[in-house]
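One structure is given here, and the rest of the page talks about it.
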Amino acid sequence: MIERFAYDNRPVRAFLWATIFWGTVGMLVGLWAALQLVLPQLNLWEWFTFGRLRPLHTNSVVFAFVGNGIFAGVYYSLPRLLKTQMWSRTLTLLQFWSWQAIIVSAAITLPLGITASKEYAELEWPIDIAITISWVLFGINMFGTILKRREKHLYVAIWFYIATWVTVAMLHIVNSYAIPVTLWKSYSGYAGVQDALVQWWYGHNAVAFFLTTPYLGLMYYFVPKAANRPVYSYKLSIIHFWALIFIYIWAGPHHLLYSSLPEWAQSLGTVFSIMLIAPSWGGMLNGLLTLRGAWDRVREDVVLKFFVVALTAYGMATLEGPLLSIKAFNAISHFTDWTIAHVHVGALGWNGFLTFGMIYFLVPRLFRTKMWSRKLANGHFWIGTLGIIFYTIPLYFAGFTQSLMWKQFTPDGYLVYSNFLDTVLQINYAYWLRSLGGTLYLIGTFMMVYNVYRTAKQGSFLASEPAEAPAMEKESREVSVSGHWHRWIEKRPMQMLFFSLIAVAIGGMVEMIPTFLIQSNVPTITSVKPYTPLELQGRDIYVAEGCYNCHSQMIRPFRSETERYGEYSKAGEFIYDRPFQWGSKRTGPDLARVGGKYQDSWHFYHMLDPGKFVKGSMMPPYPHMFEKQIDLKNTERKIDVMRKLGVPYTAEFARTANDSLMVQAQGIADNLAKGGIEIDADKQIIAMIAYLQRLGTDIKVKPLNGDTQVKP
């Protein structure tokens, strides 16, 4: 029996407009942050310094631009693949508005310095809870739609949607575990090495299961639709899906090579990262080969042009990522701009261009008209492609330059470039060219915005699209088990959900359980003590200012690094670091052993106006630290929360923490006064100086042979 129904295009339109709006905002913020690296005077106020804008840029692009793009694509493709309406319009509206509220809250809190300081997971605990609720609403709506479908077979795109939902839920919940201190402040439930492992298990797989798997689902729907051809290989789709979701989850430790993470965990990350080449390229080839016989159309169809470049960028990024997980390559690339270039091949090419192609595909269909200007769309394609080239290629050269300069020694065995600033000044040209590339990419986006606006204006929106399909009939057991073995699971969404969860949970469990339960993985060092109350307050200021975006606190066991920064980092040094601060990019020098290297007055003047104090520095000034007071009312609560997390403070110490804090603060103020610097002891700069002067001082190095005095 044929049943008549209608597809609701209103949510698709809403998410599309949100995608376009937030994408433009996120790219503008990114361009501003890029320009701050060549024009430090663009760090206008405390709310718009690089350290605060950089996480705003990543969150707005990842969760606002790409996130809304995912929802737009899913809300369009899922009903059509299942021959039914979305299960609940109310849930759809709730999920849309809750997601936009989350984005707005991120846009407010991150510039205010309210951050958990974990990459792609910077948002504080109330917003994390809101993300969980919104994601659950999306999942209920998606599975409700799947269960009431008229099409029994679940198309490959839906496999990726299901795996995305369950994996992102798992990653978000585990990584977000924290204990609140106040409404907008919490401390991570994990510390040091364990926190780093959990974060990059999440961070790498946020890229995998938020920026990759849902977009592969969209690729499997929109590329065949735009090309009007079937997917090249059904069997390759099966291999691609299961191999990808199983292998990906193991690869997180490749972000922590040569760090204090246990060697066995690093090796696991490397092995599985290299294995990722096969399923990743299998998916890319499945997409590109779907266009076989349609290459003449690619020259004419701007949608297919965007899709081809997107798939090519996906292939490049997923080859480069595994290569960078090999230690020989990682020793060169890590902490340099090579990583930034690599990330943006995926972000601008894969996510950006697939989203643009999807927008150009959907808008004419939703508004029942042709694209207003094909020339303008083609112009967007070419200027966007040039933008990617100008953005990434200079940063690759910058990365090579940085690494080679950091490692270069004279014939006498001394560092050629002992001053880190020398390497910064050498790659200034690359930062200018990166800004040019970002400008071109943004100009292309504005061209699309205008083209979409004119297209919508000349058309008529189809809010309810009539459709019809036969009711799904229950098949007999004999039929259900016949044919290809994979058909059994394709017709059972809850089994697909269950087996997907098993596939993605195994890797994380194997890596994390031993790291948490076997003490030898994180050996203790008796000389390492908890932070004093003043140092803890200073550390929180350091986190709020986003200093981790430019400075690492992880000295790798390379001669070039130990000569420059001091003894390499040990796992036991970080047992009180919540969250860890190892960093992923050095725009400034490593700070793991900066304690005692400079006088208090040096830090004072350096934070006040680094550009004047160190000629050529791109670091922003922090005058607000010299005016704002330390938040003394929360000191006791912070100590209590740290006690709950296992830090060996006493209950009595928490009650007198502010007394101890002021004694140490007055000592620093008195020391500054000896050099003619008058400042009150309760200012934030005093706490920042205390934290910086503490870093690395728990580990003492013998003056003669350089051996570290470590007591097991």
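The values are calculated or read from the model by the stated rules, or taken from the named source; none is laboratory data. It should be emphasised that the depicted structure is a prediction, and the values quoted were computed from it without experimental measurement. In this analysis, Cβ positions are derived from the backbone assuming ideal geometry, glycine residues included, and neighbour counts consider all displayed protein chains.
Residues in the stretch 172-185: is at least one more than 16 Å from the chain's Cα centre (by Cα), outside any strand (DSSP E or B) and of a type outside the set (A, V, I, L, M)? Yes; the residues of the stretch 172-185 include at least one that is more than 16 Å from the chain's Cα centre (by Cα), outside any strand (DSSP E or B) and of a type outside the set (A, V, I, L, M). Restricting the stretch 550-581 to residues that are among the small types (Gly, Ala, Ser) and not in a loop (DSSP other than H, G, I, E, B) leaves a set whose member that is nearest to residue 413 (Cα to Cα) is 560. Take residue 44 and decide whether it is free of Cβ contacts under 8 Å to residues at least 24 places away in the same chain and more than 29 Å from residue 136 (Cα to Cα). Spelling it out, residue 44 is indeed free of Cβ contacts under 8 Å to residues at least 24 places away in the same chain and more than 29 Å from residue 136 (Cα to Cα).
Among what's in the stretch 643-673 and is at negative phi and small (Gly, Ala, Ser), pick the residue that is surrounded by the most Cβ atoms within 10 Å (Cβ to Cβ).
Going through the qualifying residues, I end up with 665.
Looking at residue 175, is it in contact with a Leu (Cβ under 6 Å, 6 or more places away or on another chain), crowded, with 22+ Cβ neighbours inside 10 Å and at negative phi? Spelling it out, it is not the case that residue 175 is in contact with a Leu (Cβ under 6 Å, 6 or more places away or on another chain), crowded, with 22+ Cβ neighbours inside 10 Å and at negative phi. Give the residues of the stretch 96-132 that are touching a strand residue (DSSP E or B) at 6+ places or on another chain (Cβ under 7 Å) and in a helix (DSSP H, G or I), sorted by residue number. Across the stretch 96-132, the qualifying residue is only 125. Quick one: how many residues across the stretch 584-628 are over 26 Å from residue 697 (Cβ atoms) and of a type in the set (S, T, N, Q)? Final tally of qualifying residues: 0.
Of all residues in the stretch 335-385, which are closer than 20 Å to residue 446 by Cβ and basic (Lys, Arg)? Hits for the stretch 335-385 are 374, 375. Set side by side, the residues 662, 619 differ, and just one is under 30 Å from the mean Cα position of the chain (by Cα) and among the hydrophobic types (A, V, I, L, M, F, W, C), which is 619. Can you name the residue in the stretch 394-405 that is within 11 Å of residue 332 (Cα to Cα) and among the aliphatic types (A, V, I, L, M) and, of all such residues, is surrounded by the fewest Cβ atoms within 10 Å (Cβ to Cβ)? Restricting to residues being within 11 Å of residue 332 (Cα to Cα) and among the aliphatic types (A, V, I, L, M), the top hit is 404. The single condition among (1) under 23 Å from residue 334 (Cα atoms); (2) of a type in the set (Gly, Ala, Ser); (3) not in a helix (DSSP H, G or I) that residue 596 does not meet is (1).
Taking the stretch 81-95, which residues are in a helix (DSSP H, G or I) and within 11 Å of residue 149 (Cβ to Cβ)? Matches in the stretch 81-95: 81, 82. Residues of the stretch 223-271 that are part of a helix (DSSP H, G or I), crowded, with 22+ Cβ neighbours inside 10 Å and among the aromatic types (Phe, Trp, Tyr): 241, 248. Each residue in the stretch 406-419 was checked for being surrounded by fewer than 19 Cβ atoms within 10 Å (Cβ to Cβ) and in a helix (DSSP H, G or I), and 1 of them qualify. Scanning the stretch 422-461 for residues that are at pLDDT below 95 and among the hydroxyl-bearing types (Ser, Thr, Tyr) yields a single hit, 423.
Only a single item in (1) over 18 Å from residue 287 (Cα atoms); (2) in contact (Cβ under 8 Å) with a residue 40 or more places away in the chain; (3) assigned to a helix (DSSP H, G or I) is not met by residue 169, and it is number (2).
Scanning the stretch 625-642 for residues that are more than 16 Å from residue 684 (Cα to Cα) and touching a residue at least 24 places away in the same chain (Cβ under 8 Å), we see that the one that is surrounded by the most Cβ atoms within 10 Å (Cβ to Cβ) is 639.
Across the stretch 261-296, what is the number of residues that are in contact with a His (Cβ under 6 Å, 6 or more places away or on another chain) and closer than 20 Å to residue 511 by Cβ? The number of residues fulfilling the criteria is 4.
Identification of helices (runs of 4 or more DSSP H) wholly contained in the stretch 277-375 with 3 or more residues that are surrounded by 20 or more Cβ atoms within 10 Å (Cβ to Cβ) yields 277-289, 302-324, 337-344, 353-366. Condition first: out of contact with any helix residue (DSSP H, G or I) (no Cβ under 8 Å at 6 or more places or on another chain), in the same structural domain as residue 30 (by TED's automatic domain parsing) and without any contact (Cβ under 8 Å) to a residue 40 or more places away in the chain. Can you find one or more residues in the stretch 384-403 that meet it? No; the residues of the stretch 384-403 include none that is out of contact with any helix residue (DSSP H, G or I) (no Cβ under 8 Å at 6 or more places or on another chain), in the same structural domain as residue 30 (by TED's automatic domain parsing) and without any contact (Cβ under 8 Å) to a residue 40 or more places away in the chain.
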